[in-house]
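Notes for the one structure printed next.
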Amino acid sequence: MSDIELFWPNKELSLRASGALDYLWVQPTDGRLLDSLTVERTNTGPLDARTNVLAIGDGADVLEALTKQSSFFEGGIRLVYIDPPFNTNADLRHYNDAISRAMWLSMMRDRLLALRPLLAENASVWVHLDDAEVHRARAVMDEVFGVNAFVASVVWQKKTSRDSRAAFSTNHDTILVYAPIGPKKWKVSRNLLEKDTAYLTNKDDDPRGPWADAPFTAPGYRRGQQYDIVTPSGRVLRPPRGRSWYATEPTYRSLVADERIWFPKEGDGSPRIKLFKHQLRGLVPFTVWEASDTGTNDDAKRHLMAMFPDREVFDTPKPELLLERIIHIATNPSDLVVDLFGGSGTTAAVAHKMRRRWLIAERNFQTVRDFLLPRLQHVVEGTDPGGITEMLSWAGGGGFEAIQVSPRFGKGYSPNAFGAIRRSLKKTVCRKATGAA
Ligand SMILES: C[S@@+](CC[C@H](N)C(=O)[O-])C[C@H]1O[C@@H](n2cnc3c(N)ncnc32)[C@H](O)[C@@H]1O
């Protein structure tokens, strides 16, 4: 754990949801925390480790309700991606982005603490923020997961247009990545990015197909890899100073016999090894993610506008391409992906199309009714042509269940309103998903 700690007013208290949109400070020992939460469900079967869940409610309450009631988290959460309100004081239509700093910090700390015991061993936690709170959030994450769990701070280029009125035209967000087992161990199970193979060529008409080439050398001096190589033009070559050939002489000879060595400059250049598509190692992700690879906020808005042309577009959706990259790096099919700040539902939509299991929580009922629920219904029914649908040849399938977890404090959600969700879901092809989709 960290020997340096961030302090804020009421840090020793717990921040719980009160009513549909507010919070309340309570002592962690407050007896009312023992009262059970009221949970409504659309299905009657067990909520187990095969179900995808759309939860209406505060993220911490949803985690508590699911932990108490079921084997939902069996196997552990593999990826947490959260995109909470950034606390920028902005006047947004769909949620409050201006709470006191102390409340925001406790809100984050308490939800991360609630997630921690539910994580799989090789889990990672990605927290998407901007400059308003990211430096304080990092201190909180150090406190919750330990400084050694820090993996990376990803800079995502969220827009490509310039704001000429600002002192700086901010065009990035930051995504903090933590893995409780630490980056070295986590690296073993994370996925590399796929290499773009469009650049492969077939300069010698190799019947095995196109190939890339790399120098036939390795760093450092290795005695067994110092020998003469004669180029087809007759030049005798030795490895460059301080380097060795890539392999020993017998291996080199078998590679030549297998036509795996290429001499550029019409047979006069230094040897290069041919690498076919299946032999190319993926790419370690950079920490700067460009809009051309991962999309922008405006791309996400266009996707939603096409899906809901009659509605005012959701304030801050994230593009599916961004989530596709995160989910690709951090999970494999059937792994459980959790997002406690659902918004328009990008995380669940992408996880579903990528055949991961998912849990998404959103406390604003209108946001669920207007965006999250209908968007996921489109995904299941195969009627969402946007985002990563074409890239993955997604044609629909799978299903999910909706639950509503009323807050312990303040006014609960209306069971009647949930009835409307239940009726709407009955019309969707909604069944238990094995391996998500
Ligand atoms: C930045 S938006 C998420 C956007 C989302 N990633 C997307 O692509 O559409 C944050 C969302 O979190 C919701 N929210 C805020 N506090 C919450 C809480 N305690 N529990 C659940 N949802 C919450 C807000 O209503 C808002 O919809």
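Once both labels are positioned 7 Å from their Cα atoms along Cα-to-Cβ, the gap between Glu12 and Ser270 label points is 6.6 nm.
Summed over qualifying helices (DSSP H, 4 residues or more, each -39500 (n - 2.57)) and divided by its residue number, the chain shows a 222 nm mean residue ellipticity of -7500 deg cm²/dmol.
Sequence neighbours fewer than 8 away in the same chain don't count; with that in mind, list the aspartates and glutamates whose C-alpha is under 18 Å from Lys277. Partners within reach: Glu194, Asp196, Asp204, Asp205, Asp206, Asp213, Asp258, Glu259. Coupling constants for the stretch 314-324 follow from the phi torsions by the Karplus curve (6.51 cos²θ - 1.76 cosθ + 1.60, θ = phi - 60°), and in residue order they are 4, 4, 9, x, 9, x, 4, 4, 5, 5, 4 Hz; glycine and proline get x.
In this structure the amide hydrogen of Thr42, modeled in the peptide plane, comes within under 5 Å of the amide hydrogens of Ala402, none closer than 5 places in sequence on its chain. The alpha-carbon of Lys427 sits under 13 angstrom from the alpha-carbons of these aspartates and glutamates, leaving out residues fewer than 8 places away in its chain: Glu381, Glu401. Taking amide H atoms as placed 1.01 Å from N in the peptide plane, list the residues 5 or more away in sequence, or in a different chain, whose amide H sits under 5 Å from that of Gly76. Residues meeting the criterion, in which the H sits 1.01 Å from N, do not exist here. The equivalent ellipsoid that matches the C-alpha gyration tensor of the chain spans semi-axes of 48, 25, 21 angstrom, in descending order. Gain on full extension, evaluated as 0.36 nm per residue between Leu113 and Val236 minus their Cα-Cα distance, stands at 37.9 nm.
Entry note: the stretch 1-142 has Rg to Rh equal to 0.96, where both radii use alpha-carbon atoms and Rh is the Kirkwood radius.
The distance separating the Cα centre of the stretch 345-375 from that of the stretch 235-253 comes to 55 Å.
Which whole-Hz couplings ³J(HN,Hα) result when phi for each residue of the stretch 412-423 is put into the Karplus expression 6.51 cos²θ - 1.76 cosθ + 1.60, θ = phi - 60°, listed in order with x for Gly and Pro? After applying 6.51 cos²θ - 1.76 cosθ + 1.60, I find x, 6, 7, x, 5, 4, 5, x, 5, 5, 4, 5 Hz.
Coordinate-derived values only; no laboratory data. All values derive from a computational prediction rather than experimental measurement. Every residue, glycine among them, receives a Cβ derived from its backbone with ideal geometry; neighbour counts consider all protein chains shown.
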